[in-house]
Amino acid sequence: MEGHLDDTYYQYTSLFHSGRLSPNDNKFLIQIRAFVTPEPGFPIDNPSEVIAAMREEDFRQSYVLNVKLVDSLMSDRSRHLEQVQKLFEFLSSEFESCEGFFEAYYASGSHVGGLISGLVDAWKGSEHRDLQVLFVATNIDAYLADPDSFSLDDDFRENLLRSRIENVAKQEIVKLMDLTALAGLPERSALIGPIINDADVKTFNLDGTIAQSLVEQTSPIATQISLFNKCHSFMTNDEVRQVLSKLPRPFSEIKTGYGIPRLENNPDNQDLVKWLDSRDIISSWSEGSFFSNDIRVNLYRS
């Protein structure tokens, strides 16, 4: 007991003798010495002095969860390497209990991007993947504002696309991805196709191969035809024919030969036959007859 008192007495006297600590700084340090965690927004005046007066073990406990302290640590990470590492160890292991701090930090912290990416890195390679995705999805605006400060790969971005974020955010994530890899990734193509279909396709970095992968993997058929109509200009006639051959019937019957494929008469199918005709992939088309209102597609014989 005596040793404990001496320690406390020493702490108090050393605090008050330092002229660079304000009353608020002292109050903060006295509270954490009494094992009380101040609010995340507690107004520390001289964070670097407070950091110097804290014990090493304080940085892997809730005492470190103060907006001004974390700003100070994050603004000079190389100088505070060990403390920052302890901060991220604490945040990643006690993530669920840090909600109040995160809310305060998003509202007034200066290094939101750095905090999020540091936390994602602290989770790298561990069984925290789902938590990681949830965390970035929850902070999607901060991520999209400065994606380069996050070391996320396209596998991670694909998981983000599967999360419950707004479609506009999904479109921005797709723009950050390497779409040239889609030819070998049918599941990713199936995921991205409908997202691009809901946007202006000209804002994405597409080419014929990418467009072909997207259209071939997209479902349901209505979305598939809609996307085909929007993306056909990226494709050569041969690529268009390859896509047609992989579509369900009756679309797959649009090739050379003697058949007369009939399509349901709707706006998307009308758009389809109009551009197929203008590109000379079909001979002609007509609407309806006395018996049915189908679109009749006249093929080239060879």
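Quick notes
- Residue ID - farthest from residue 135 (Cα to Cα), chosen from residues in segment 98-120 that are touching a Ser or Thr at 6+ places or on another chain (Cβ under 8 Å) and of a type in the set (Gly, Ala, Ser): 110
- Of the residues making up segment 285-302, those that are surrounded by 17 or more Cβ atoms within 10 Å (Cβ to Cβ) and either among the aromatic types (Phe, Trp, Tyr) or part of a loop (DSSP other than H, G, I, E, B) (or both) number 3.
- Segment 135-146, residues that are in a helix (DSSP H, G or I) and within 12 Å of residue 119 (Cβ to Cβ): 135, 136, 138, 142, 143
- Single match in 157, 129, 162 (criterion: modelled with pLDDT of 90 or more, among the charged types (D, E, K, R) and surrounded by fewer than 17 Cβ atoms within 10 Å (Cβ to Cβ)): 162
- Output for segment 165-194, where each listed residue is surrounded by fewer than 15 Cβ atoms within 10 Å (Cβ to Cβ), of a type in the set (A, V, I, L, M) and within 13 Å of the chain's Cα centre (by Cα): 168
- Cross-chain or 6+ apart pairs with Cβ under 6 Å, segment 186-214 first and within 18 Å of residue 158 (Cα to Cα), then assigned to a helix (DSSP H, G or I) and charged (D, E, K, R): 188/158; 195/170
Yes/no matrix, rows are residues, columns are (1) touching a residue at least 12 places away in the same chain (Cβ under 8 Å); (2) closer than 27 Å to residue 42 by Cα:
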{"residue": "79", "(1), (2)": "no, yes"}
{"residue": "83", "(1), (2)": "yes, yes"}
{"residue": "94", "(1), (2)": "yes, yes"}
{"residue": "101", "(1), (2)": "yes, yes"}
{"residue": "105", "(1), (2)": "yes, yes"}
{"residue": "128", "(1), (2)": "yes, no"}
{"residue": "151", "(1), (2)": "yes, no"}
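- For segment 21-43, the set of residues classified as loosely packed, with under 14 Cβ neighbours inside 10 Å, assigned to a loop (DSSP other than H, G, I, E, B) and not charged (D, E, K, R) consists of 34, 35, 36, listed by residue number.
- When we screen 268, 238 for residues that are loosely packed, with under 14 Cβ neighbours inside 10 Å and part of a helix (DSSP H, G or I), the only hit is 238.
The values are calculated or read from the model by the stated rules, or taken from the named source; none is laboratory data. All figures in this text were calculated on a predicted structure; none of them were measured in a lab. Every residue, glycine as well, gets a Cβ built from its backbone with ideal geometry; the counts of neighbours run over all protein chains shown.
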